[in-house]
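*Asks:* Handing you this structure, nothing more for now.
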Amino acid sequence: MSSGKQFDVIVVGAGFAGMYALHRLRTLGFSVQVFEVGDGVGGTWYWNRYPGARCDVNSLEYSYQFSQELQQQWNWSEKYAPQPEILNYANHVADRFDLRRDIRFSTRVQTMTFDQKNNSWQLQTEQGEIFQASYCIMATGCLSKNNIPDFEDLDKFRGRLLHTGDWPHEKVDFSGQRVGIIGTGSSAIQVIPQIAQQAAILTVFQRTPSFSIPAHNAQMDKSYERSIKSRYADFRQDNSKRYAALNNNPNSISALEISDDEREAEYEARWQAGGLAFLASFNDLAINIDANKTAAAFVHKKIHQIVEDQALAKRLCPQTVLGCKRLCVDTDYYQTFNRDNVKLIDINEDAIEKITATGLKTKDNVYELDTLILATGFDAMTGALLSIDIRGIDGLTLQEKWQQGPKNYLGLTVHGFPNFFTITGPGSPSVLANMIVAIEQHVDWIADCLSYLRENSLHSIEANEESERQWVKLVNRIADQTLFPSGCNSWYTGANIPGKRRVFMPYLGFPSYVEKCNEVAANSYSSFKLE
Ligand code: N01
């Protein structure tokens with residue numbers, strides 16, 4: 001392979017992780033190049049532009065904290081920021097810190113090969129250009145490889161085919177249209193109420209219903225914003241000591257320790273407050289099936305109160321463990337099923353057989369459609385990494401290494417792949433924590449690590465095999481104490497992708513995770529092979 005332009009660090013991806021990695025490492029004096037497939041920054045918020053897309057974490061928490069000026073000067077307009085505003089924020093950050101000059105947009109990295117002789121990585125882009133770097137940082141995102149199910153004759157559909165994770169940049173007008181949507185996860189739950197207001201008919205094809213809690217989104221409460229900003233650092237620090245690094249007001253008692261009325265009152269208060277904090281109603285919803293059933297029963301009751309047709313309400317009630325699939329947060333999702341132009345098809349009763357040129361055929365029916373939307377999610381956590389041909393020591397590919405599920409150390413590094421880091425990869429809290437907090441923690445850890453190597457004239461860092469083995473065991477052991485690995489077919493385990501090895505991928509518990517990462521750094525990275 002011919003040699004190309006050389007950098008200290010190459011970062012793949014210019015979402016929130018890649019942008020901060022660039023800023024932090026550049027500030028430390030490393031030469032950095034970022035590659036990004038899209039033609040703009042923002043990652044998830046660049047691609048997921050469907051109507052109704054918004055964050056389910058409070059805006060004052062879902063934002064960077066690395067710059068005091070930034071977090072004080074930026075004003076969010078709503079409690080939960082809509083996608084266009086988050087994308088504006090990402091663009092503002094890129095401008096403010098002059099990031100674009102080191103980001104190559106519209107560039108897909110195709111291969112990454114570790115050169116043992118020179119102790120460096122060689123990257124080739126889709127355009128055939130070659131670059132080299134001492135270190136590579138994968139900021140490729142957890143939910144960035146779209147899941148496009150293998151529906152028969154999908155390619156024969158002559159109407160408009162959309163995926164929520166790759167939404168057009170221009171406004172899509174559904175007025176007067178017959179629209180079909182496959183999937184009822186977080187993306188579908190946000191987009192369905194919006195499209196229902198426009199479409200002539202919206203047909204929702206549901207395989208597994210999701211639990212959804214109302215967002216009760218609102219304009220930003222200015223006095224709340226002022227109060228948080230007056231103690232922002234403390235607020236952030238308090239949140240980082242919580243399980244998911246969120247200000248979710250965790251209750252420290254069991255759902256089974258109190259009277260039915262008290263339990264109901266707690267759920268009702270959380271329902272009225274809205275959002276993900278519902279999952280923190282009691283301390284045992286994630287670990288005790290009887291406790292979990294009380295929460296599920298409460299949501300079932302709410303669905304039956306909201307949806308007028310009781311048979312339809314029943315079909316919308318999930319029978320899985322609450323929280324096992326990512327809890328959804330909605331605005332008028334269940335209410336939307338009271339509209340005459342919205343139909344729910346349970347594909348367990350009437351399976352999708354094939355897509356036709358003009359719509360979709362189930363076992364018993366034919367649906368004529370102008371637009372078909374796939375809200376079918378992502379090949380999560382490993383999908384984006386494994387779609388690049390990454391080769392470590394002796395040509396071992398990451399695909400081979402992770403055939404039986406992801407194996408890494410601290411969710412940050414992989415044995416056999418020196419000088420290679422993943423941000424919010426499997427084995428780290430990532431999707432089960434406030435993502436931006438998790439991203440900043442990872443970038444800071446990597447930046448400290450690279451500074452340590454430079455200060456000590458070291459050129460290579462690789463996770464020890466034994467450290468990695470113990471880490472994978474630990475991640476599984478923690479997950480196995482909860483109801484999540486086996487309580488449903490979630491993307492946390494890869495169960496949504498046919499053929500994907502079923503392993504619960506995230507590390508549960510942000511504070512204990514951070515403690516472990518800090519310990520490793522304080523012990524001079526002794527669980528790594530350093531050269
Ligand atoms: O994807 P999903 P998503 N035939 O995987 C169905 C984040 N997010 O894009 O459950 C028929 O959750 C699938 O059915 P089943 C958030 O972390 C955040 O909605 O596998 N159906 C499911 O109903 C979220 O969890 C926000 O049986 C098929 C749906 O498609 C994550 O992104 C907003 C199918 C996919 O749901 C992913 O959410 C949006 C098939 N072959 C997303 N394959 C917020 O911040 C899949 N499905 C609010």
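The values are calculated or read from the model by the stated rules, or taken from the named source; none is laboratory data. The model shown is predicted, which means the values in this text are computed figures rather than measured ones. A quick note on method: Cβ atoms are made from the backbone with ideal geometry, for glycine too, and the neighbour counts reach across all protein chains shown. Calculation scope for accessible area: heavy atoms of the full protein, side chains included, ligands and nucleic acids excluded. Shrake-Rupley method; radii C 1.70, N 1.55, O 1.52, S 1.80 Å.
*Asks:* List the aspartates and glutamates whose Cα sits under 12 Å from the Cα of LYS500, skipping any in the same chain fewer than 8 residues away.
*Replies:* Here the aspartates and glutamates satisfying the reach criterion relative to LYS500 are ASP379.
*Asks:* In addition: Accessible area of the chain with a 1.4 Å probe: how many percent of it is carbon plus sulfur?
*Replies:* Looking at the chain in its full context, I get 47 percent from C and S.
*Asks:* Considering just Cα atoms, how many Å³ per residue does the convex hull of the chain enclose?
*Replies:* In the chain, the Cα convex hull volume per residue is 150 Å³.
*Asks:* Here's a follow-up. Would you work out which of LEU396, PHE421, ALA311 lies farthest towards the positive end of the dipole of the chain, given +1 charges on the beta-carbon of Lys and Arg and -1 on that of Asp and Glu, about the Cα centre?
*Replies:* Positive-most Cα among the choices belongs to LEU396.
*Asks:* If you don't mind, there's one more thing I want to ask. Using the Kyte-Doolittle scale, which helices in the chain average at least -0.5 and also have C-alpha atoms spread 27 Å or more along the helix axis, with helices defined as whole DSSP H runs?
*Replies:* The answer, listed by residue number, is 435-455.
*Asks:* With charges set only on the Cβ (+1 for Lys and Arg, -1 for Asp and Glu), what does the dipole of the stretch 140-251 come to about its Cα centre, in debye to the nearest 20?
*Replies:* That gives a dipole near 400 debye.
*Asks:* Hey, if you put +1 on the Cβ of every Lys and Arg and -1 on every Asp and Glu Cβ in the chain, which of GLN194, SER223, ALA255 ends up farthest toward the positive end of that dipole?
*Replies:* Going by the Cα projections, it comes out as GLN194.
*Asks:* Run the dipole for the stretch 154-374 about the Cα centre, Lys and Arg Cβ at +1, Asp and Glu Cβ at -1, nothing else charged, and hand back the magnitude in debye, nearest 20.
*Replies:* For this selection, approximately 660 debye.
*Asks:* As a test of the definition: which semi-axes, in Å, follow for the stretch 433-527 when you take the square root of five times each eigenvalue of its alpha carbon gyration tensor? Largest first, please.
*Replies:* Equivalent ellipsoid of the stretch 433-527: 29, 15, 13 Å, largest first.
*Asks:* Students often get this wrong: which residues of the stretch 272-302 have the backbone nitrogen under 18 Å from the point 7 angstrom along Cα-to-C-beta of GLU262?
*Replies:* Label zone hits: 280-285, 291-292, 294-295.
*Asks:* Okay, next question. Relative contact order for the chain: what percent, with Cα pairs under 8 Å and sequence separation of 6 or more?
*Replies:* Normalised by residue count, the contact order of the chain is 19 percent.
*Asks:* Just the Kirkwood number for the stretch 436-485, please: inverse of mean 1/r across all distinct Cα pairs, in Å, one decimal.
*Replies:* Here the Kirkwood hydrodynamic radius works out to 13.4 Å.
*Asks:* Quick check on the chain: helices-only [θ] at 222 nm, where DSSP H runs of length 4 and up contribute -39,500 (n - 2.57) each and the sum goes over total residues. Nearest 500, please.
*Replies:* -9000 deg cm²/dmol
*Asks:* Averaged per residue, what accessible surface does the chain expose to a 1.4 Å probe, in Å²?
*Replies:* For the chain, the per-residue accessible area is 41 Å².
*Asks:* While we're looking at this one, here's another question. So between ASN348 and PHE66, what do we pick up on full extension, going 0.36 nm a residue minus the alpha carbon distance?
*Replies:* Net length gain for the segment: 96.8 nm.
*Asks:* Under 24 Å from the Cα of LYS229, which lysines turn up, not counting those fewer than eight places away in the same chain?
*Replies:* LYS79, LYS241
*Asks:* Another question about this same structure. What's the extension gain from ARG226 to GLN481 if we count 0.36 nm per residue and subtract their Cα-Cα distance?
*Replies:* My answer for the length gained is 87.8 nm.
*Asks:* Also: Report the number of Lys pairs in the stretch 263-411 whose alpha-carbons are under 25 Å apart, with separation of 8 or more residues or on distinct chains.
*Replies:* The number of close lysine pairs in the stretch 263-411 is 20.
*Asks:* What is the Cα centroid distance between the stretch 1-80 and the stretch 137-174, reported in whole angstrom?
*Replies:* Using only Cα atoms, the two centres lie 22 Å from each other.
*Asks:* Using the charge dipole of the stretch 154-374 (Lys, Arg: +1 at Cβ; Asp, Glu: -1 at Cβ; taken about the Cα centre), state which of ASN341, ALA265, GLY359 has its Cα farthest towards the positive end.
*Replies:* With unit charges placed on the Cβ atoms, the residue in question is GLY359.
*Asks:* Still on this model: Peptides 180-191, 325-336, 112-123: what's the order by average Cβ count within 10 Å, highest mean first?
*Replies:* Going by the mean number of other Cβ atoms within 10 Å, highest first, we get 180-191, 325-336, 112-123.
*Asks:* With each pseudo-label sitting 7 Å past Cα toward Cβ, what's the ASP238-ALA269 distance in nm, one decimal?
*Replies:* Result: 1.6 nm between the two label points.
*Asks:* While we're here: At 7 Å along the Cα-to-beta-carbon direction for both GLU170 and ALA521, put a label point, then send me their distance in nm to one decimal.
*Replies:* 4.8
*Asks:* Taking the Cα atoms of the stretch 154-374, what is the range of coordinates along each of the three principal axes, in descending order and whole Å?
*Replies:* 56, 39, 28 Å, listed from the longest principal axis down.
*Asks:* Taking R0 as 41 Å, what FRET efficiency do you get between ASP394 and ASP95 from their Cβ-Cβ distance, rounded to the nearest 0.05?
*Replies:* Calculated value: 0.40.
*Asks:* Round to the nearest 0.05 the FRET efficiency obtained for ASP309 and ASN88 when R0 = 35 Å and r is the Cβ-Cβ distance.
*Replies:* The pair ASP309/ASN88 has a calculated efficiency of 0.30.
*Asks:* With +1 on each Lys and Arg Cβ and -1 on each Asp and Glu Cβ, how big is the dipole of the chain about its Cα centre, in debye rounded to the nearest 20?
*Replies:* 380
*Asks:* Here is a further query. I want to check the label-to-label distance for GLN116 and GLU368. Put each point 7 Å from Cα in the C-beta direction and report it in nm to one decimal.
*Replies:* Going by the 7 Å Cα→Cβ label model, 6.4 nm.
*Asks:* Determine which aspartates and glutamates satisfy two conditions relative to LYS117: a Cα distance under 20 Å, and not lying fewer than 8 residues away in the same chain.
*Replies:* Correct list for LYS117: ASP8, ASP389, ASP394, GLU462, GLU531.
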